[in-house]
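The values are calculated or read from the model by the stated rules, or taken from the named source; none is laboratory data. Quick caveat, the model's predicted, so the values are computed rather than measured. Counting neighbours? That spans all protein chains shown, and the Cβs are built from the backbone with ideal geometry, glycine included. Note: areas computed on protein heavy atoms with side chains; ligands, DNA, RNA excluded. Shrake-Rupley method; radii C 1.70, N 1.55, O 1.52, S 1.80 Å.
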Amino acid sequence: MSTTTKRPIPWGALGPWLALAVTCLFFTTQSDRFLSGENLSLVLQQVMVVGVLAIGQSLIILTAGIDLSCGMVMALGGVVMTKFAANYGMDPYAAIMCGLAVTTGFGLINGLLVTRIKLPPFIVTLGTLNIAFAITQIYSESQTITNLPSVMTALGETFNLGSTEVSLGTVTMLFLYALAWFVLRETAPGRHLYAVGNNPEAARLTGINVDRVLITVYALAGLFYGIAAMLSVARTGVGDPNAGQTENLDAITAVVLGGTSLFGGRGIILGSLVGAVIVGVFRNGLTLMGVASVYQTLITGILVILAVAADQMSRKGAR
C-alpha cells in the first residue's frame, strides 16, 4: 500500500501574488479608474525603472549581500550617456555604451572590494553610493542635461495594445525579467548563485568559485543599473543628476516584498517584479484616493518591516 506525501503550499512564493491581488481588489473598490487599461499601463511605466534596478538588487541579495548604491550609480550612468551625446556630440549608441560601461565598472568595483578585501557589502556600497553621488554632481555641475537625440528617448515611446498604450520601456523590463528567470532557473550559473547565497563554504567545497560568482553578480547588477538609467532617461527625456536618490530603497523594498530573503539563497526573481508592482499599485491607488504622498511612504515602510518579519519567522519555523 503506497502513501503519497502532500507537498506544503509554497506560501513564500505565493505570498507576493496574493498580496498584489488583495491590493488590487481593495483599490478597485475605491476608484472606478484603477482597473482601466490606461491606469494599469501607467503603473507599469512608473515602476519600470525601479523594476529593472530590482533585478540587479535581487541577484546581490540572493548571495546574502546588499547594494545601497544602485540608485546613484544609475543616476551617474544616465548623466554620462546623456552628456556624451548632447554636449560632446558623440554617437548616441556609443554614448549609451559608455554609460553602461560606467555602471558595470562600479558594480565590478563593489564585487572586488567584497571578495578581495572582504569588506561587508553594506559598507562597500554605502561608500560607493556617496562616491557615485559626488561624481554625478561634479561631472554634471548639478545641471540637467537636455536636447537629447531621439535614440535616447525611444524606449519611452508607446504602441497600442488594443485600446491601451504600452511603452517600449515596459516591454524591455518584462523581457529582462523573463531572461533573468530563465538563467536563474535553468542554467548552472543560476544554480551556483543560489548555492553561494545559501552556504558559501559548502558551495566552495563542491568546486564553485565563490569569488568569481560574487564578482560576476555585482558586475551584472551594475549593467542592470545602466539599463535602468536608459529607461529613466527615456521616460523623463533628460539626464537628471538628482535621479536615483530614493530608488535604491525602492529597489530593496521591491525585492523584499517579492519574497527574496535578505539572508540569501531563497527567492524567485519574478517575485521582485511583483514587489515593484505592489509598491507602484499602492502609490497609484492612494494617489487616486487623494492620499498625501507622505502617507504613501509611511505605508511602504510598514510593508517592508512586515515582509522582513515574515521572512524571519519562516526561517525560524524551518529550523
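Just wondering, is there one or more residues in the stretch 301-312 that are assigned to a helix (DSSP H, G or I), of a type in the set (A, V, I, L, M, F, W, C) and surrounded by 24 or more Cβ atoms within 10 Å (Cβ to Cβ)? Step through it out loud before you land on a result.
First, the residues of the stretch 301-312 that are assigned to a helix (DSSP H, G or I): 301-312.
From what is left, the residues that are of a type in the set (A, V, I, L, M, F, W, C) are 302-310.
From what is left, the residues that are surrounded by 24 or more Cβ atoms within 10 Å (Cβ to Cβ) are none.
There is no residue in the stretch 301-312 that is assigned to a helix (DSSP H, G or I), of a type in the set (A, V, I, L, M, F, W, C) and surrounded by 24 or more Cβ atoms within 10 Å (Cβ to Cβ).
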Any pair with Cβ under 9 angstrom, 6 or more apart, that starts in the stretch 31-55 at a residue that is under 28 Å from Gly71 (Cα atoms) and of a type in the set (Val, Ile, Thr) and ends at one that is open to solvent by 10 Å² or more (accessible area, probe 1.4 Å) and part of a loop (DSSP other than H, G, I, E, B): Val49/Ala243
Could you figure out which of (1) open to solvent by less than 40 Å² (accessible area, probe 1.4 Å); (2) outside any loop (DSSP other than H, G, I, E, B) isn't true of Leu148? (2)
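Among the listed residues Arg235, Arg266, which satisfies the condition of being outside any helix (DSSP H, G or I) and within 17 Å of the chain's Cα centre (by Cα)? Full working, then the answer.
Working: Arg235 fails: outside any helix (DSSP H, G or I).
One residue alone meets the criteria, Arg266.
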Restricting the stretch 253-268 to residues that are hydrophobic (A, V, I, L, M, F, W, C) and in contact with a Gly (Cβ under 8 Å, 6 or more places away or on another chain), the residue that is farthest from Ile299 (Cα to Cα): Ile268
Index of the failed condition, Gly244 passing every other in (1) in a loop (DSSP other than H, G, I, E, B); (2) open to solvent by 30 Å² or more (accessible area, probe 1.4 Å); (3) of a type outside the set (Lys, Arg): (2)
Could you run through the stretch 205-258 and say how many residues are more than 18 Å from Val43 (Cα to Cα), out of contact with any Phe, Trp or Tyr (no Cβ under 8 Å at 6 or more places or on another chain) and hydroxyl-bearing (Ser, Thr, Tyr)? 3
Answer yes or no as to whether Asn284 is over 22 Å from Ile66 (Cα atoms), touching a residue at least 12 places away in the same chain (Cβ under 8 Å) and crowded, with 21+ Cβ neighbours inside 10 Å. yes
Top-ranked residue in the stretch 110-124 [being touching a helix residue (DSSP H, G or I) at 6+ places or on another chain (Cβ under 6 Å) and part of a helix (DSSP H, G or I); ranked as surrounded by the fewest Cβ atoms within 10 Å (Cβ to Cβ)]: Thr115
Apart from one, (1) loosely packed, with under 12 Cβ neighbours inside 10 Å; (2) hydroxyl-bearing (Ser, Thr, Tyr); (3) in a helix (DSSP H, G or I) all hold for Thr172; the odd one out is (1)
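Considering Gly265, Gly271, which residue is of a type outside the set (A, V, I, L, M, F, W, C), at negative phi and either touching a helix residue (DSSP H, G or I) at 6+ places or on another chain (Cβ under 8 Å) or buried (at least 22 other Cβ atoms within 10 Å of the Cβ) (or both)? So that I can check it myself, show each step before the final result.
Working: Gly265 fails: at negative phi.
The match here is Gly271.
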Out of curiosity, is Asp67 of a type in the set (D, E, K, R) and under 18 Å from the mean Cα position of the chain (by Cα)? yes
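Of all the helices (runs of 4 or more DSSP H) wholly in the stretch 4-106, which have at least 2 residues that are of a type in the set (A, V, I, L, M, F, W, C), in contact with a Gly (Cβ under 9 Å, 6 or more places away or on another chain) and open to solvent by 70 Å² or more (accessible area, probe 1.4 Å)? If you could, list the steps in order and put the result at the bottom.
Details: elements: 11-30, 37-62, 70-86.
The helices (runs of 4 or more DSSP H) meeting that bar are 11-30.
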Limited to the stretch 194-229, what total is found for residues that are part of a helix (DSSP H, G or I), farther than 25 Å from Met72 by Cα and among the aliphatic types (A, V, I, L, M)? 6
For a quick check of your reading of the model, give me the residue pairs whose first member lies in the stretch 254-278 and is under 16 Å from Val217 (Cβ atoms), whose second is among the charged types (D, E, K, R) and at pLDDT below 90, with beta-carbon atoms closer than 6 Å and at least 6 apart or on different chains. Ser261/Asp311
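When you check Gly275 against the structure, is it within 13 Å of Ala54 (Cα to Cα), touching a Leu at 6+ places or on another chain (Cβ under 6 Å), part of a helix (DSSP H, G or I) and of a type outside the set (Phe, Trp, Tyr), yes or no? If you could, list the steps in order and put the result at the bottom.
Values: within 13 Å of Ala54 (Cα to Cα): yes; touching a Leu at 6+ places or on another chain (Cβ under 6 Å): yes; part of a helix (DSSP H, G or I): yes; of a type outside the set (Phe, Trp, Tyr): yes.
Against the criterion (within 13 Å of Ala54 (Cα to Cα), touching a Leu at 6+ places or on another chain (Cβ under 6 Å), part of a helix (DSSP H, G or I) and of a type outside the set (Phe, Trp, Tyr)), Gly275 qualifies.
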